[in-house]
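Just so it is clear, none of the values below were taken in a lab; they were calculated from the coordinates. Treat the numbers as computed from the prediction; the structure is a model and nothing was measured. With ideal geometry, Cβ positions are generated from the backbone for all residues, glycine too; neighbour counts draw on all protein chains shown.
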Amino acid sequence: MAVPDLPPPHPRSREFSDEAARHALAALPGPYLPWSSSAMRPAGLVAVCNDIVVNGRRRVVELGSGISTVLLARLLNQRPPLGGFRVAAVEHDAGWARWVREQLNREGTGSQVVIVHAPLVPHPLAAPGLSWYDAAALAEGLRTAMRGEPIDLLLVDGPPAHGAGHGLARYPALPDLRDRLGPGATVVLDDAERPGEQEVLRRWERETGLHFDRRAEAAGVAVARLAGEGPVTGPWHS
Ligand SMILES: C[S@@+](CC[C@H](N)C(=O)[O-])C[C@H]1O[C@@H](n2cnc3c(N)ncnc32)[C@H](O)[C@@H]1O
C-alpha cells in the first residue's frame, strides 16, 4: 500500500502531552474504561494509533492486554472495510484476559480480537530466572488470530517488567516474533525510558540491525520500522 510522506519532526519539537493525547483519544468513544498506571500512557497510545491510521495497519499483535486493546479495537473498527482487521492480544493472567474479552464483546469488537491466554513459563529466549509466554499457547493463538497473514504492527507492553530483576522480561518478543512480521511492519516497545527496556532496545538493535526511534520516548514508547516504505509516526509537534 502506498503511504504518504510526512515531514520529519522539527528538531526542537516539544513533547506531545498526555493531556493533548486524551483529547485525541476522545475520537474513540465508548463505555468508561478503568484506567490505571498499568495502562499505556495516552501519548504512547496515540503514537500507536497514528501508525494504524497513517500506515493502514490491519494485523496487530499486542503483548500485554488491557485498556489499550479495547481502544485499538475501537479505532480499527472505525476504519473501512468494516471488520477487516485482526488483533491478537496476548495475556498471561487468565482473570484479566476474561475481563478484556468481556469488554470487547460488550463493545461489539470481540469477534475481531483474539485474547490469547498464554501463561508465563520458562522459555529458551528468556534471561536467566525469567519466563515468557507459553510457546504452544502463543503459536495456537496467533494461528487463530492472524490466519497465516503477517503481523504489520507489534506492540510490546507485556509481560510485566517493573519488578526488581524483571527488567529484561520483554526481551524475547522480537527474536521470537521477528519471522512473523511483514515488510515495513512497525515494532513498538512501551516503557522505553526504563533501564531494563533500554537494555532490551540495545539488544534488539544489535541483533536485528533495526533502529528504534527514541524521540518517541517522550511518549513512553520506542518505535522501529522494518525495511519498507512509510514514516515512523510519533505524536510530534513542530
Ligand atoms: C503493562 S500492563 C499492559 C497494559 C495494556 N497494554 C494497557 O495499556 O492497558 C501488563 C500486564 O498488567 C496486567 N494489567 C494491565 N492492566 C491491568 C489492570 N487495570 N488491572 C490489573 N492488571 C492489569 C495485565 O496482566 C497485563 O498483561
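Picking from Gly83, Gly209, Gly110, which is most flexible by a Gaussian network model of the chain using Cα springs under 10 Å?
Gly209
Show me 162-173, 37-48 ranked by packing, highest mean number of other Cβ atoms within 10 Å first.
So the peptides 162-173, 37-48, ranked by packing, come out 37-48, 162-173.
Show that you can apply the helix-only estimate: for the chain, add -39,500 (n - 2.57) for every DSSP H stretch of four or more residues, divide by all residues, and state [θ] at 222 nm to the nearest 500.
My calculation for the chain gives -10000 deg cm²/dmol from helical runs alone.
For segment 122-238, just say rounded, prolate or oblate: build the C-alpha gyration tensor, square-root its eigenvalues into a ≥ b ≥ c, call rounded for a/c under 1.5, and beyond that prolate if a/b exceeds b/c, oblate if not.
Verdict is oblate for segment 122-238.
Compute from the Cα atoms of the chain the Rg and the Dmax, the latter being the longest Cα-Cα distance, and quote both in angstrom.
Here Rg and the maximum Cα pair distance are 16.6, 46 Å.
Of the DSSP beta bridges with both residues in the chain, give the percent that are antiparallel, rounding to the nearest 5.
30 percent
If the chain between Leu33 and Trp99 were fully stretched, how many nm would it gain, using 0.36 nm times the residue separation less the Cα-Cα distance?
22.6 nm
According to a simple spin-label model (label point 7 Å from Cα along Cα-to-Cβ), what is the distance in nm between Arg79 and Arg143?
In this crude label model, Arg143 to Arg79 measures out at 2.8 nm.
Among Leu189, Val61, Gly165, whose Cα lies farthest out toward the positive end of the dipole of the chain, if unit charges sit on the beta carbon of Lys, Arg (+1) and Asp, Glu (-1)?
Val61
Given a cut-off of 25 Å, what percent of all Cα-Cα pairs of segment 42-143 lie beyond it?
22 percent
Set the Förster distance to 25 Å, then compute FRET efficiency between Leu125 and His23 from the Cβ-Cβ distance, nearest 0.05.
Computed FRET efficiency for Leu125 and His23 comes out at 0.05.
For the chain, the longest stretch holding no chymotrypsin sites (Phe, Trp or Tyr not before Pro) located in a DSSP loop with at most 13 other Cβ atoms within 10 Å is which?
In the chain, the maximal stretch lacking such sites is 36-238.
Quick check: the distance between the Cα centres of segment 41-114 and segment 136-188, to the nearest angstrom?
Segment 41-114 and segment 136-188 have Cα centres spaced 14 Å from each other.
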